[in-house]
1. Sort 223-233, 81-91, 287-297 by packing, meaning the average of other beta carbons within 10 Å per residue, with the highest value first.
2. Over the Cα atoms of the stretch 397-438, compute the convex hull volume and normalise it per residue, giving Å³.
3. 7 Å from Cα along Cα→Cβ at both residue 99 and residue 179: what's the point-to-point distance in nm?
4. For a distance above 23 Å, tell me the whole-number percent of Cα pairs in the stretch 111-247 that qualify.
5. Using only alpha carbons, build the gyration tensor for the stretch 294-445 and give me the equivalent ellipsoid semi-axes, biggest first, whole Å.
6. How big is the C-alpha Rg of the stretch 240-349 next to the rule-of-thumb value 2.2 N^0.38 Å, as a ratio?
7. Per residue and in cubic angstrom, what volume does the convex hull of the Cα atoms of the stretch 315-400 have?
8. Is the shape of the stretch 23-181 best called rounded, prolate or oblate, per the rule: a/c under 1.5 gives rounded, else a/b larger than b/c gives prolate, else oblate, with a ≥ b ≥ c the square roots of the Cα gyration tensor eigenvalues?
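Just so you know, all these numbers are worked out from the coordinates, no wet-lab data involved. These numbers were taken from a predicted model, which means no experiment stands behind them. Ideal geometry is used to build each Cβ from the backbone, glycine not excepted, and the neighbour counts take in all protein chains shown.
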């Protein structure tokens with residue numbers, strides 16, 4: 001679970017510092033950079049798994065595709081930033097496995113990972129250049145200090161007690177030191193001073209030290225790596241969601257929605273191990289839960305199930321309507337399929353970590369948006385209950401430009417992305433800032449006014465009421481002075497919002513304007 005993220009020098013993220021709870025909604029207009037925060041999270045996740053250059057090329061550039069590594073750095077005109085830095089506070093899994101299947105257990109699971117990177121130009125015009133690690137650190141946050149870092153509402157006696165475990169005196173798991181004018185990155189063993197650290201020359205590293213950890217050296221660092229690897233951006237593709245799955249297909253939902261039928265069938269099978277239930281009752285219990293959830297979105301739902309075709313060895317997701325007609329996944333709408341995927345994800349105890357989702361309202365009728373928002377909040381961990389199979393350590397971040405979504409999310413979950421002009425070292429540029437509402441947990445007490453980023457109520461109201469009432473005033477003024485557009489006043493088409501019988505019901509209009 002990512003609880004705080006600092007980013008600087010990455011795209012238009014400069015001096016960004018955001019705190020994250022179990023559920024976060026990032027709102028903003030197109031092009032302000034709200035997706036860049038997702039890209040920063042994806043980049044950190046890639047750095048925990050891939051060589052530096054591959055991690056950089058896995059992140060889209062400003063044009064929305066893989067490009068020059070240099071394009072990831074903040075740019076003003078033709079000048080790029082020399083460095084970019086990231087710092088992530090996170091609660092990592094207590095137990096896991098390394099790449100060889102060896103069991104690992106973290107000595108403490110509330111950690112802070114930081115990395116600083118510089119661009120190094122290639123030796124030829126064909127080279128994309130590369131990245132060099134200037135600093136890499138992994139330190140712990142003691143359980144006694146957790147309350148100072150976990151500002152979002154939660155129950156200490158239940159959630160925090162089970163989410164944050166372990167104690168440690170020696171601070172570093174990974175550290176960076178200068179020896180004989182060389183930057184040395186050290187991987188310390190969990191035993192602290194009793195174990196000898198592995199020293200690596202930073203300039204020679206082609207990947208982060210974290211990405212090469214294993215159980216033997218530092219199981220805690222390995223669990224940090226596993227946590228970052230679990231951060232993913234869901235890009236649910238209807239074509240992938242609708243595909244039937246083979247009997248041997250993976251039973252974990254992919255980021256594009258693949259293996260939905262196999263995952264649901266697997267979850268139904270897991271229920272058969274529960275006591276005091278027949279196989280059919282246990283299997284149907286999962287299908288009933290999914291059907292009930294889908295019924296909040298679509299009225300005409302009686303059953304959701306997976307058809308097992310033994311002859312072709314295929315699993316197909318099916319939805320049965322109240323009149324008894326069964327529809328395969330390929331016949332369902334895009335919005336329905338995305339909703340089904342999220343409903344399955346909510347029931348999967350093995351789906352942990354951070355889930356990022358762009359514009360979840362796509363394909364959903366405006367009246368049903370509260371239903372999908374409730375589903376997304378149900379996917380996230382309940383910070384009032386103990387961590388366990390029924391309440392995995394899971395986190396959801398969404399972004400949107402829809403006022404309908406912003407109206408419905410909890411007030412303390414909202415971050416609003418805006419471009420703000422900044423002058424630094426004689427250069428004027430725009431950077432993205434993430435504002436929040438006052439009188440929520442995000443608003444630090446006793447903070448200086450210039451150190452907080454409060455979203456003004458007037459700006460928020462303008463965002464929630466995008467219908468430009470001034471357009472009506474302009475039209476009326478033009479009519480008063482006899483101004484005519486290229487079309488005659490008689491032939492001009494009226495918008496829905498131009499109807500007199502509706503304007504009294506719309507926000508932003510007063511009787512004086514009418």
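1. Order by mean packing, descending: 223-233, 81-91, 287-297.
2. That works out to 92 Å³ per residue.
3. Spacing of the two 7 Å Cα→Cβ label points: 2.4 nm.
4. For the stretch 111-247, the fraction of Cα-Cα distances above 23 Å is 52 percent.
5. They are 38, 19, 16 Å, listed from largest to smallest.
6. 0.99
7. Convex hull of Cα atoms, per residue: 131 Å³.
8. In terms of gyration-tensor shape, prolate.
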